[in-house]
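The values are calculated or read from the model by the stated rules, or taken from the named source; none is laboratory data. Remember, predicted model here, so these are calculated numbers, not experimental data. Note: ideal-geometry Cβ built from the backbone for every residue, glycine included; neighbour counts use all protein chains shown.
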């Protein structure tokens, strides 16, 4: 039985230490394995997370999670001054997926990252999902990374993020198991 959830009734806030176990359970359930939960744990504990948000009900039930980690531009080239992060992952309990919770998290995070001065967001995800938020596989072709193809997408948050390309980047160390 699937419950209905009104995403507009959720509060999105920064994740804190008290959320860690719940986030692990949520990500594991959302992906049906613990690989992504392990990635978030390692990113969090090596200091690579730029932003980590959770969506909670008014009673404090954790409904969704999103995290962004630092991506480092190479020392050479026009993009060396860019501030770049990577969305990975966004998670919602399976029984509450397709109800707007993931979209709420992504839209809230994009606005926060703009305010934080990020230039570019990268994501490796379904080409049928992320373009609705402005992610573009064509822009990502200007980013030299261990990932390629239509699933590798980019969203420029500033003019520099669009214009100061190409750029070669390195992802945080915990991503190496996915390369």
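Brief remarks follow.
- Any hit, the range 91-99, residues being assigned to a strand (DSSP E or B), under 23 Å from residue 41 (Cβ atoms) and in contact (Cβ under 8 Å) with a residue 24 or more places away in the chain: yes
- Whichever residue in the range 102-127 is modelled with pLDDT of 95 or more and over 14 Å from the mean Cα position of the chain (by Cα) and, among such residues, is farthest from residue 14 (Cα to Cα): 119
One line per residue, one yes/no per condition, for (1) at positive phi; (2) surrounded by fewer than 18 Cβ atoms within 10 Å (Cβ to Cβ):
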{"residue": "136", "(1), (2)": "no, yes"}
{"residue": "140", "(1), (2)": "no, no"}
{"residue": "145", "(1), (2)": "no, no"}
{"residue": "149", "(1), (2)": "yes, yes"}
{"residue": "152", "(1), (2)": "no, no"}
{"residue": "156", "(1), (2)": "no, no"}
{"residue": "159", "(1), (2)": "no, yes"}
{"residue": "167", "(1), (2)": "no, no"}
{"residue": "172", "(1), (2)": "no, no"}
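- Selected residue [surrounded by fewer than 18 Cβ atoms within 10 Å (Cβ to Cβ) and within 23 Å of residue 174 (Cα to Cα)] from 73, 17, 89: 17
- Note on the range 58-90: residues that are within 25 Å of residue 18 (Cβ to Cβ), part of a loop (DSSP other than H, G, I, E, B) and touching a residue at least 60 places away in the same chain (Cβ under 8 Å) total 0.
- The range 9-24, subset outside any strand (DSSP E or B) and in contact with a helix residue (DSSP H, G or I) (Cβ under 8 Å, 6 or more places away or on another chain), residue nearest to residue 62 (Cα to Cα): 23
- Close pairs (7 angstrom Cβ cut-off, 6 or more residues apart or separate chains): in contact (Cβ under 8 Å) with a residue 24 or more places away in the chain in the range 123-134, part of a loop (DSSP other than H, G, I, E, B) and surrounded by fewer than 14 Cβ atoms within 10 Å (Cβ to Cβ) anywhere: 127/150
- The set of residues from the range 163-174 being outside any strand (DSSP E or B) and in contact with a helix residue (DSSP H, G or I) (Cβ under 7 Å, 6 or more places away or on another chain) comprises 164, 165, 166, 172, 174.
- Close pairs (6 angstrom Cβ cut-off, 6 or more residues apart or separate chains): on the phi < 0 side of the Ramachandran plot in the range 31-47, assigned to a loop (DSSP other than H, G, I, E, B) anywhere: 43/172
- When restricted to residues that are within 14 Å of residue 24 (Cα to Cα) and either free of Cβ contacts under 8 Å to residues at least 12 places away in the same chain or not in a strand (DSSP E or B) (or both), the range 48-57 contains 0.
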